Amino acid sequence: MSRAPRVAVLVFPGTWSDRDFADVAGLVGWDTRLVWHTKVDLGDADAVVLPGGFAHGDHLRTGAIARFSPVMAAVEAFAAAGGAVLGSCNGFQILTEAGILPGVLLRNDHLQFRCDWQPLRVEQAAGPWLGELNAGETIRLPISHGEGRYYAEAPVLEELEATRRVVLRYADADGSVTPDANPNGSLRSIAGIVNERGNVLGLMPHPERATEAEVGGTDGLRILRGLDAWLALQPAAAERRL
């Protein structure tokens with residue numbers, strides 16, 4: 001009999017979305033384990049989540065200290081082996097600081113903290129997190145950040161585009177990518193990217209906050225549920241889940 005996906009949700013000092021992910025575990029059918037940042041391994045995890053918050057109080061800059069936490073070596077090895085990794089908001093910032101994903105997240109161009117529901121255009125739909133979505137469709141997820149402006153040098157941006165690794169862009173309600181629909185000044189309206197293998201997703205919006213219609217929408221639930229279908233297609237994961 002197959003079992004629920006074992007998902008390691010990392011916890012750093014100042015993290016708070018870890019409890020949000022644990023709360024929605026029942027909706028997505030996950031066996032969620034909270035993993036403190038000083039741990040040096042991820043146990044028997046099928047997937048890893050780096051949640052939002054203010055790791056180490058965002059001192060120096062977002063994610064700059066968290067990248068040196070002992071658990072990050074295990075995350076890097078897990079990602080390199082093809083494991084499913086999701087970094088949301090502060091988690092995305094940590095993944096870029098650790099070099100697992102390219103680029104950096106800077107202060108919003110207007111220097112304001114933005115907390116709102118944001119339309120996003122799905123550019124690519126594949127991998128462990130986006131397989132339940134459709135390329136070209138518009139979804140809505142909450143954003144909550146003051147340092148969400150994606151930046152990378154021109155050659156990196158060109159490579160991301162050429163290899164189809166930009167997976168989510170800020171858009172208006174009709175799915176049009178326009179300057180006015182960009183909430184933070186991210187270059188090319190980038191809201192989410194993946195690594196070369198497609199198994200690591202970093203995004204500024206919060207899918208864990210969009211899992212119940214009563215609180216505004218369920219597009220986040222579609223993202224989180226995508227993990228189960230992807231794991232079912234992975235031979236090694238399938239063996240572990242018997």
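A short reminder: the numbers here are calculations on the coordinates, not readings from a lab. What you see is a predicted model, and the numbers here were worked out from it, not measured in a lab. As a convention, Cβ positions derive from the backbone with ideal geometry for all residues, glycine included, and neighbour counts pool all protein chains shown.
Helix-only estimate, please: 222 nm mean residue ellipticity of the chain, summing -39500 (n - 2.57) across DSSP H runs of length 4 or more and dividing by its residues, to the nearest 500.
It lands at -7000 deg cm²/dmol.
Under the Karplus relation 6.51 cos²θ - 1.76 cosθ + 1.60, θ = phi - 60°, what is the ordered set of whole-Hz ³J(HN,Hα) values for the stretch 207-218, x standing for Gly and Pro?
For the stretch 207-218, the Karplus curve yields x, 5, 8, 10, 10, 9, 4, 5, 9, x, x, 10 Hz.
Whole-Hz Karplus ³J(HN,Hα) for the stretch 186-201, in order, using 6.51 cos²θ - 1.76 cosθ + 1.60 and θ = phi - 60°, x for Gly and Pro?
Whole-Hz 3J(HN,Hα) from phi for the stretch 186-201: 3, 4, 6, 6, 6, 10, x, 9, 10, 7, 4, 7, x, 8, 10, 10.
In the stretch 63-179, with Lys and Arg counted as +1 and Asp and Glu as -1 at Cβ, which of these residues, ILE100, VAL167, VAL75, has the Cα nearest the positive end of the dipole, that is, farthest along it?
Going by the Cα projections, it comes out as VAL75.
For LEU168, list long-range residues whose amide hydrogen, built 1.01 Å from N in the peptide plane, is under 5 Å from its own amide hydrogen.
Those lying under 5 Å, H to H, from LEU168 are GLU123, ALA191, GLY192.
Taking 0.36 nm per intervening residue step and subtracting the Cα-Cα distance, what contour gain separates ARG61 from LEU233 on full extension? Don't skip to the answer; put the middle values down first.
Details: separation 172, 0.36 × 172 = 61.92 nm, distance 3.80 nm.
Going from the current span to full extension adds 58.1 nm.
Using only Cα atoms, locate the centre of the stretch 7-27 and the centre of the stretch 158-195, then give the distance between them in Å, rounded to an integer.
Between the Cα centre of the stretch 7-27 and that of the stretch 158-195, the gap is 26 Å.
Would you calculate the convex hull of the Cα atoms in the chain and tell me its volume per residue in Å³? Before the final figure, lay out each step's value.
On the way: hull volume 27.3 nm³, N = 242.
For the chain, the hull spanned by Cα atoms encloses 113 Å³ per residue.
What's the magnitude of the charge dipole for the chain around its Cα centre, counting Lys and Arg as +1 and Asp and Glu as -1 at the beta-carbon? Answer in Debye, nearest 20. Working shown, then result.
Numbers: 22 positive and 30 negative charges, 72 e Å.
With only Lys, Arg, Asp and Glu charged at Cβ, the dipole is about 340 debye.
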